[in-house]
Every structure is written in C-alpha cells, then in structure tokens.
Amino acid sequence: MSGGGGPAWLVVVDMQVIFARPGSPWRTPGFADAAAGIARLLPAFGERVVHTRFVAPATPTGAWVDYYQDWPFALVPPDAPDYDLVPELPAGEHPVVSETTFGKWGPALADAVGGGTELVLTGVSTDCCVLSTALAAADAGVHARVVADACAGVSEADHRRALDTMALYRPLLEVVTVADVLAAGG
C-alpha cells in the first residue's frame, strides 16, 4: 500500500551509540540485527534517507525533569559521543534530524523528507521512538511502513507489542519486513 505522496523515504530512527554500547542503561537488545536490516535497505533508497537522533534538552521542563532524574547519565550535550550515530550506519550526505522528544515526526523531519507522505521507518526502539514517530506521522496523514526486522525494542516482547499496536492503525501504518520493502522497490 502507498500513501500516494511520491517515492518513499527511509527514516533511520535513533541508531546511536547510547542504544548500542554494551553497558549503557539504554542498550537495546537486537540493535545489531536492526542495523543489519537497515544496511540492506539503504541502497534501495539512495538519496531518500534521513537519520534521526534523540538528544537531551539543555534544561528539561515539565515531566522531562522527572525523566532525567531517573536517567541522569543521559543529560549531556547533544554533541556527547553517546549521542553519535553508530559508525556502521553513518549519515554521510543524508540529513540528520535531532530532537529532544521520543517522536521525531514534526516540522524538521517533514522538511527533511520534502513534505513527503510515504515513510519507511526503521531503528530503535520499536516500543518508544519508532512507535512515537509512527503515530505522530499517521496523525499528520503520512503513510508509514514500519520494518519489523529493521527495528529493535527494549525486549523482544516489547518489540512485538509495539508492532502489534502499530498494526492496529492500518491502513495509515503497515508492519512489513525488509524483504517486503525490497520486493516493492523501496
């Protein structure tokens, strides 16, 4: 299914050191498998790739104050090494959208994809930033395919629950595989 808004854009959500590094409190099991799926997809999208990064705000406000009291290690500047993209999936010439929110869909990402209404979402974590991005995009009328085997969650059970939740939003959101995306030509 297609949203009819031109060619799809691959959105690589938060494939950062902080989620990959052994010993990180935010390490995401399955990160390497998600990275391998993303690497398989990249050539099919050419220039139509955007990377996102989760970064901490300079000064948390509202409920984020309590959040960073629970996760003080993450309250570092956006240029801290933990917030770097992993070297195996460098952005290169592709745009990078950094946000202090779980969901990455908003004006910056919409601008990066040229207002496109067809996304292919990958990355981490399925049950947080991918889910939040997918739901916000759907609310904005953007069709998204979430690539199950190019995402990873905090646990396999949470990954599955998030995918099952997103599947409820069909036809706005679809859960697919790397093979499905490649067979469709991107």
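Some observations on this one:
- If you go through the stretch 157-186 and keep only what is exposed (fewer than 14 other Cβ atoms within 10 Å of the Cβ) and not aliphatic (A, V, I, L, M), you end up with 164, 170, 171, 185.
- Residues of the stretch 8-45 satisfying the condition of being outside any helix (DSSP H, G or I) and closer than 15 Å to residue 90 by Cα: 10, 11, 12, 13, 14, 15, 16
- Within the stretch 78-102, the set of residues being of a type in the set (S, T, N, Q) and closer than 12 Å to residue 51 by Cβ comprises just one member, 98.
- Enumeration of residues in the stretch 68-77 that are open to solvent by less than 40 Å² (accessible area, probe 1.4 Å) and over 26 Å from residue 49 (Cβ atoms): 68
- Options 65, 96: the member that is open to solvent by 50 Å² or more (accessible area, probe 1.4 Å), touching a His at 6+ places or on another chain (Cβ under 7 Å) and more than 25 Å from residue 155 (Cβ to Cβ): 96
- Inspection of the stretch 18-41 finds no residue satisfying the criterion of being in contact (Cβ under 8 Å) with a residue 60 or more places away in the chain, open to solvent by less than 40 Å² (accessible area, probe 1.4 Å), touching a helix residue (DSSP H, G or I) at 6+ places or on another chain (Cβ under 7 Å) and among the charged types (D, E, K, R).
- Test: residue in the stretch 144-156 that is open to solvent by less than 40 Å² (accessible area, probe 1.4 Å), among the basic types (Lys, Arg) and in contact with a helix residue (DSSP H, G or I) (Cβ under 7 Å, 6 or more places away or on another chain): yes
- Qualifying residue in the stretch 1-16 (condition: of a type in the set (Ser, Thr, Tyr), in contact (Cβ under 8 Å) with a residue 12 or more places away in the chain and either farther than 25 Å from residue 186 by Cβ or in contact with a Gly (Cβ under 8 Å, 6 or more places away or on another chain) (or both)): no
- Condition check for residue 53: in contact with a helix residue (DSSP H, G or I) (Cβ under 7 Å, 6 or more places away or on another chain), surrounded by 15 or more Cβ atoms within 10 Å (Cβ to Cβ), among the basic types (Lys, Arg) and at negative phi: yes
- For residue 122, the criteria (1) closer than 14 Å to residue 48 by Cα; (2) open to solvent by 40 Å² or more (accessible area, probe 1.4 Å); (3) at pLDDT 95 or above hold in every case but one, which is (2).
- Matching residues, the stretch 79-93, being within 18 Å of residue 18 (Cα to Cα) and open to solvent by 60 Å² or more (accessible area, probe 1.4 Å): 79, 81, 84, 87, 88, 90
- Wholly within the stretch 105-186, strands (runs of 3 or more DSSP E) carrying at least 2 residues that are closer than 27 Å to residue 17 by Cβ: 118-124, 143-152
The values are calculated or read from the model by the stated rules, or taken from the named source; none is laboratory data. Everything quoted here is computed from the prediction, not taken from an experiment. When we count neighbours, we look across all protein chains shown, and the Cβ atoms used for this are built from the backbone with ideal geometry, even at glycine. Accessible surface is based on the protein model in full, side chains and every heavy atom, while ligands, DNA and RNA are left aside. Shrake-Rupley method; radii C 1.70, N 1.55, O 1.52, S 1.80 Å.
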